[in-house]
């Protein structure tokens with residue numbers, strides 16, 4: 001099954017997309033649009049914004065008019081907010097049919113979304129399962145990850161069936177848990193039985209380092225098995241970091257082509273240059289060049305610390321630098337040595353070559 005969010009296709013062979021969510025007050029149009037612009041430049045394909053009240057809805061038309069990427073409205077409890085967002089032209093909504101009220105209210109949302117031709121994401125979260133499902137789970141003696149994964153699936157399927165009862169089928173599903181094993185198990189089981197596009201993520205994954213590791217394992221494992229259509233890396237951090245992490249996951253497993261791939265060694269006692277600082281500066285300059293609108297037409301950059309593996313890896317890259325003795329750095333292009341330079345000069349020449357690509 002394939003759905004659309006604005007001009008982005010999800011599912012049924014479409015490229016895996018990266019999502020994030022703004023953390024600004026949606027009613028602050030300037031701040032929200034500034035964050036959306038930054039996220040779009042960083043590579044975000046779809047953005048979700050919270051729509052908790054009428055003030056957020058009032059801001060929506062301008063946000064939709066000026067956003068560079070499709071916008072999904074995140075709505076809970078009040079179905080009228082969903083109806084108002086759809087009228088304003090939202091590209092997709094995220095609701096939980098179980099918390100928006102009576103069946104008549106769910107029907108109203110489903111019919112409005114269907115008439116507008118937009119998709120709905122429904123999903124289950126390990127922290128907010130329905131009480132009846134929790135009670136059933138507590139009586140289950142299987143390992144936690146097994147019974148909770150089944151509970152997540154039951155909750156999600158119930159939501160899907162509710163929408164489908166009213167003739168709505170443009171559904172995307174998420175099954176999220178803060179436990180990686182539970183999240184993997186739930187999505188594996190679900191994908192073996194159902195054809196809905198899947199939104200992958202480890203919920204409440206944590207701060208930058210911990211959350212990125214957990215998300216990489218959970219999301220990456222499933223993607224390598226061919227499971228998943230769109231992803232969000234949920235971090236207690238700047239949303240920009242969510243996008244960076246998501247893109248890196250896709251690049252690392254070959255789903256998205258790195259532009260360019262940057263490799264660097266872990267340093268050791270042989271390193272006589274500031275390799276960590278140099279590698280970080282190269283990454284920052286690459287981001288700046290791409291943010292300026294310039295397309296970098298090389299596949300791989302190597303930033304290496306010493307003469308053991310450095311020259312070989314650097315030669316294998318389109319552009320490469322490798323530390324040598326006395327703070328000197330070798331610069332390579334397409335496997336050919338350009339020369340040996342002091343560190344700052346080598347860095348400047350590397351960036352110059354990048355901008356010429």
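FYI, it's all coordinate maths here, none of it is from the lab. None of these values were measured; they are calculated from a predicted model. All Cβ positions, glycine included, derive from the backbone under ideal geometry; neighbour counts span all protein chains shown.
Overview of results
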{"item": "GNM result for the chain, Cα springs below 10 Å: residue of 121, 94, 80 fluctuating most strongly", "result": "80"}
{"item": "Helix-only [θ]222 nm of the chain, DSSP H runs n ≥ 4, -39500 (n - 2.57) each, per residue, nearest 500", "result": "-14500 deg cm²/dmol"}
{"item": "Inter-label distance, nm, simple model (7 Å from Cα along the C-beta direction), residue 54/residue 158", "result": "3.3 nm"}
{"item": "Rg(Cα) / (2.2 N^0.38 Å) computed for the range 130-187, rounded to two decimals", "result": "1.21"}
{"item": "Gained length - residue 111 relative to residue 136, 0.36 nm times residue gap less alpha-carbon distance", "result": "5.8 nm"}
{"item": "For 165, 214, order by how many other beta-carbon atoms lie within 10 Å, fewest first", "result": "165, 214"}
{"item": "Modelled label reach - residue 295, point 7 Å along Cα→Cβ, the range 227-266 residues with backbone N closer than 18 Å", "result": "256-261"}
{"item": "Virtual spin-label span in nm between residue 40 and residue 103, 7 Å along Cα→Cβ", "result": "4.2 nm"}
{"item": "Label zone at residue 217, where the point sits 7 Å out along the Cα-to-Cβ direction: the range 127-142 residues whose backbone N lies under 20 Å", "result": "127"}
{"item": "Principal-axis tilt of helix 180-193 within the chain, Cα atoms, nearest 10 degrees", "result": "60 degrees"}
{"item": "Largest-first principal axis extents of the Cα set of the range 264-357 (Å)", "result": "39, 25, 21"}
{"item": "Sequence of 333, 172 once ranked by neighbouring C-beta atoms within 10 Å, starting from the fewest", "result": "333, 172"}
{"item": "Length added when fully stretched, residue 65-residue 253, from 0.36 nm per residue minus Cα-Cα", "result": "64.2 nm"}
{"item": "Whole-Å semi-axes of the chain's equivalent ellipsoid (Cα gyration tensor)", "result": "44, 24, 16"}
{"item": "Linear extension gain, residue 146 paired with residue 77, 0.36 nm per residue minus alpha-carbon span", "result": "21.9 nm"}
{"item": "Tail beyond 13 Å, pair distance distribution of the range 22-89 (Cα, percent)", "result": "58 percent"}
